[in-house]
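Trainee: Provided herewith is a single structure, encoded as structure tokens, for subsequent inquiry.
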Amino acid sequence: MTDATLPFIPSLDARGESYLDEGHTVTSWLTTTDHKRIAILYALSITIFFFIGGVAIGLARLELISPTGWFLTSDEYNRLFTLHGIIMVWFFLVPSIPTTMGNFLLPMMIGAPDVAFPRLNLLSWYLYVAGAAFTVYVVISGGVDTGWTFYPPFSSSYSHSNVIPAAIGVFIVGFSSIATGVNFLATIHMLRAPGMTWLRLPLFVWSMYAVSVVMVLATPVLAMSLLLISVERFFGLPIFNPEAGGDPLLFQHLFWFYSHPAVYIMILPAMGVVSEVFAAFARRRVFGYGFMVFSLMMIAVVGFMVWGHHMFVAGQSATANLVFSFLSFIVAVPSAIKVFNWTATLYRGHIGFEAPMIYALGFLGLFTIGGLTGLFLASVPIDIATTDTYFVIAHFHTIMVGGTVSSFMAGIHYWWPKVTGKMYNEFWAQFAAITMFLGFNLTFLPQFIMGWLGMPRRYHLYPDVFQIWHILSSAGAVILAAAYLMPLFYLTWSILYGRKAPPNPWNATGLEWQTLSPPPKPNFLRPPRVDADPYEYHDFGRSEEIGGEARARPQGGPT
Amino acid sequence: MSLDQFTTAASDYAVKVDHLFYLISVLSGLIVALITGLIVVFFALYYRGSRRPRGEVPERKTHEIEIGWTVATVFSFLFFFWWAASDQITALVPPKDALEIHVIAKQWMWRIQHPSGAREINELHVPADTDVRLVMTSQDVIHDLYVPALRLKQDVLPDRYTYLWFEPNRTGIFHFTCAEFCGTDHSVMAGRLVIASPQDYARWVSAQPQGDDLAHQGATLFRSLGCSGCHTPDSTIHAPDLHGLYGRPVQLADGRTITADEAYLRDCILLPGKNRVAGFPPLMPDFSGTVDEGQVVELIAYLKSLSTDQNDTTQGAAR
């Protein structure tokens, strides 16, 4: 019950002791309600699942070097890509930034001692673990072969694999998302520090707000549709089964009504992170703050109205296709605006090239490529030609994996000193960032090409004319894997032997930098008061005339 | 296998899709070049430590820039939409008097039925310069007929008809395949699209093992299943007359009006309770489980022939 009442004003005797020193036992971690420790728990769990999902697709990519396959059966291949999809979407990408950086930083950025419901926060992690346990069971007991999309009637009547445990795992982890979303919404509404008005919120907080809205509204629909699939499969209740008069397209509508917004669940937080990083490393106010906020909310809202673009060839009406095509073009506008604004943020800055900035620039590149290829797919005729081919695979990996993981890594490096109190090795981090960008493009640019040429997705065996592209892509995947593994080593090294980090190593303006590194349990020794806009890296409209650092004005500090 | 079997644009529509693709590619390339260029210039001028003066950007100007590129983006996206949609709208209207070929998908093969009665598996012969309309259904899970050379793709659903139409403008052998994940052997559920000249197509059809055409096969079924017992004008049992039914609007018992297309006829045979016709008692037996997809196709072909060719096949059935 220690945190039940959430003293907003930390007790006067709050010691300057780091949250990491509040207990060193396993129990102290597993029963913690400190948002920072829960963030660490999440970070460890999603990292484990990221690498499980990565191994699954690594094996599949290795198999694809040969058009006739060489060490997997078709059933094994189908299980590998399904596992990859389920794990990466629900056990890595969806929770990635919100549950780690969101949990850790959201309260700090608004000057709060914790989230609004600390125990709900811990519960959400346990829900994640419960869902993950089902998924691990699926892996051990032979896998599932429906693809991450669970389309009936294949999933409900024809598949001979563990559909129900897989669906239950995703069902449960969905509630973890909902809990996080509710928590963040309440936190942002209720716990902002004095002076932290809505238009003083850092863009990361706005992105957490937008993503929470989407999580809370969309995830229940996923839960519903997976429940219906399980009920149909287990009890034989006719819901989607056409032989009993059911409609398999209904499932696709329900599924994409969640899963399209889910793409925004992955990318909105990424936008928030890079906004912080661009401002801090260009020493500039984010260009067009108001437009950036508006764009985030526009994307969150319009993102709910475009699910039908996943179904242009599914058998929905031509009129529906046109409407969804139109809305898909519309939802691309705010994303384009954000790209222009990030670029313009560099203008007249003092641009530094530390690792977070390189990752953020990688995000910008991949997000632009992914976004522009989204325009191709929003056009009905091109979508008809390229959907269910590698073009779509490349498109959504570029935007939601390339974008989100680049941004995730940018955030990890940017806030690493704050979270751990240690500096990482700059050279290795820069090297990993560049390697990741190159590896990513080598993996997915060939996939764009072979997709347009006609290579369908989810193919174990394929016409040999596409082999050269598959080999290039697999080679890229090797580089990418190296880029993903490197941080494990140099970041671990930094925890053990890294230089001690000062409270504000980047001279950044956010509230989270106005306290110790690592922060004490109540985040701030005294409650902060906010008296400035975010990103005041320079006086409005100008930066220092002559080179060197402009003087940054922090958003506020302990009063 | 050569790449031409995938990349050749084998219809005018496919050429249009390619043009749209190139248009968006070029414009996307320009946008990427613009952003990359700006970033490189900003790096060169404003890297940390550069001595370049950083002057003022007035707030008003900031807003003008912001609104400027917002509007530019909106208009260029609307232009893309207009271009793509106009391509699509012209392709929306199914051609009249198209050659109708039935496609039945099942794990993991394609069965094709030509109107002449000719059947093939994993191979689809069509005449060039002719409107072809595929009427497709699946016997099990969702499949998807994907013909890269036509830039076309359509999901094939169980218990429902979906359609694809195209007019091939060249002869040759192309690839088609399944694009919706359908289980173990999804990746080998492929076949050849053979576009022949109309003469060669006719020759190919006549060289097939001769049987009755689809409509005649349907007429035989219509009798053997006992349909003709009720659905004749002089029957004692009150059942709708099926002459000229296809393509006509039908008034249903629940007040809806529905056009009697393939899907409607199919539902009437397999799910008679779904769309009951106004003015008739619910006596129609349920034929699901009795007839397979191929036989439904034959029955429908027969019913359609009742609307087009009154003299020939009708008599065969009425007796």
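Here, each number is a calculation from the coordinates, and none is a lab measurement. Source: prediction; values computed, not measured. Every residue, glycine as well, gets a Cβ built from its backbone with ideal geometry; the counts of neighbours run over all protein chains shown.
Trainee: Given a Förster distance of 51 Å, report the FRET efficiency between B:His238 and A:Thr73 from their Cβ-Cβ distance, rounded to the nearest 0.05.
Mentor: Computed FRET efficiency for B:His238 and A:Thr73 comes out at 0.35.
Trainee: Related question: Would you report the distance distribution of C-alpha pairs in segment B:41-104 as whole percents per 5 angstrom bin, up to the bin with the largest distance?
Mentor: 3, 12, 9, 10, 11, 10, 9, 7, 6, 5, 5, 4, 5, 3, 2
Trainee: Follow-up question, since we're still on this one. Restricting things to Cα coordinates, could you compute the convex hull volume per residue of segment A:339-491 in Å³?
Mentor: For segment A:339-491, the hull spanned by Cα atoms encloses 119 Å³ per residue.
Trainee: Here's something else I'd like to know. Along the Cα→Cβ direction, 7 angstrom out, place labels at B:Asp185 and B:Ala278. What is the inter-label distance in nm?
Mentor: Once both label points are built, they end up 5.0 nm from each other.
Trainee: Continuing with the same structure: Which percentage, to the nearest 5, of the DSSP beta bridges contained in chain B is antiparallel?
Mentor: Of the beta bridges lying entirely in chain B, close to 70 percent run antiparallel.
Trainee: Taking Cα pairs under 8 Å and at least six residues apart, what relative contact order does segment A:223-373 come out at, in percent?
Mentor: Here the relative contact order equals 26 percent.
Trainee: Which value does Rg/Rh take for segment B:165-251 over its C-alpha atoms, Rh per Kirkwood?
Mentor: Expressed as Rg/Rh, it is 1.14.
Trainee: Right, next: Mind checking Rg over Rh on chain A, alpha carbons, Kirkwood formula for Rh?
Mentor: Taking Rg over the Kirkwood Rh, I get 0.96.
Trainee: Would you compute the Debye intensity of segment A:142-183 from its alpha-carbon atoms alone, equal scatterers and no solvent, and pass along log10 I(q)/I(0) at q = 0.24, 0.27 Å⁻¹ to two decimals?
Mentor: Here the Debye-derived log intensity ratios amount to -0.76, -0.87.
Trainee: Could you give the nm distance between label points at B:Asp286 and A:Glu243, where each point is 7 Å from its Cα heading toward the beta carbon?
Mentor: Rounded to a tenth, the inter-label distance reads 1.2 nm.
Trainee: So, one more: Counting DSSP beta bridges in the protein assembly as shown, what percent are antiparallel, to the nearest 5?
Mentor: Around 70 percent antiparallel, to the nearest 5.
Trainee: Then there's this: Working out 0.36 nm times the residue gap between B:Asp261 and B:Arg170, then minus their Cα-Cα distance, what length gain in nm do you get to one decimal?
Mentor: 29.7 nm
Trainee: Still on this structure: Filter the cross-link list A:Lys36/A:Lys422; A:Lys418/B:Lys61; B:Lys106/B:Lys153; B:Lys106/B:Lys274; A:Lys338/B:Lys61 down to pairs whose alpha-carbon distance in this structure exceeds 27 Å.
Mentor: Those over the limit are A:Lys418/B:Lys61.
Trainee: Something else about it: Using the structure shown, select from A:Lys500/A:Lys521; B:Lys16/B:Lys96; B:Lys16/B:Lys304 the pairs with a Cα to Cα distance greater than 26 angstrom.
Mentor: Correct reply: B:Lys16/B:Lys304.
Trainee: Same structure, new question: With the Cα gyration tensor of segment B:107-217 in hand, give its eigenvalues times 5 under a square root as the equivalent ellipsoid semi-axes, listed largest first in whole angstrom.
Mentor: 23, 17, 13
Trainee: Further question on the same structure: Are there chymotrypsin sites (Phe, Trp or Tyr not before Pro) in segment A:51-82 that DSSP marks as loop and that have at most 12 other Cβ atoms within 10 Å, and which are they?
Mentor: The qualifying sites are A:Trp70, A:Phe71.
Trainee: R0 = 25 Å: FRET efficiency of A:Leu485 with A:Ile140, Cβ-based, nearest 0.05?
Mentor: The computed FRET efficiency comes out at 0.55.
Trainee: Between A:Thr31 and A:Leu525, take the C-beta separation as r, use R0 = 30 Å, and let me know the FRET efficiency to the nearest 0.05.
Mentor: That gives a FRET efficiency of 0.75.
Trainee: Can you give the percent of C-alpha pairs in segment A:350-404 whose distance is more than 12 Å?
Mentor: 65
Trainee: Under 18 Å from a point 7 Å along the Cα-to-Cβ line of B:Gln251: which residues of segment B:265-306 have their amide N that close?
Mentor: Those under the cut-off are B:275-282.
Trainee: How big, on average over all directions, is the shadow cast by the Cα convex hull of chain B, in nm²?
Mentor: 24.9
Trainee: Another question about this same structure. Evaluate 2.2 N^0.38 Å with N set to the residue count of segment A:102-216, then give the Cα radius of gyration divided by it.
Mentor: 1.36
Trainee: Which loop trypsin sites (Lys or Arg not before Pro) in segment B:63-151, with loop taken from DSSP, have no more than 13 other Cβ atoms within 10 angstrom of their Cβ?
Mentor: Sparse-neighbourhood loop trypsin sites (Lys or Arg not before Pro): B:Lys96.
Trainee: Hey, another quick one. State the three equivalent ellipsoid semi-axes of segment B:72-144, derived from the C-alpha gyration tensor as the square roots of 5 times its eigenvalues, in descending order and whole Å.
Mentor: They are 34, 18, 9 Å, listed largest first.
Trainee: Before anything else, pin down the relative contact order of chain A: Cα pairs under 8 Å, at least 6 apart, normalised by residue count, whole percent.
Mentor: Relative contact order comes out at 18 percent.
Trainee: So for segment B:8-157, averaging the separation of alpha carbon pairs under 8 Å that are six or more residues apart and normalising by length, what relative contact order in percent results?
Mentor: Reported as a whole number, the value is 23 percent.
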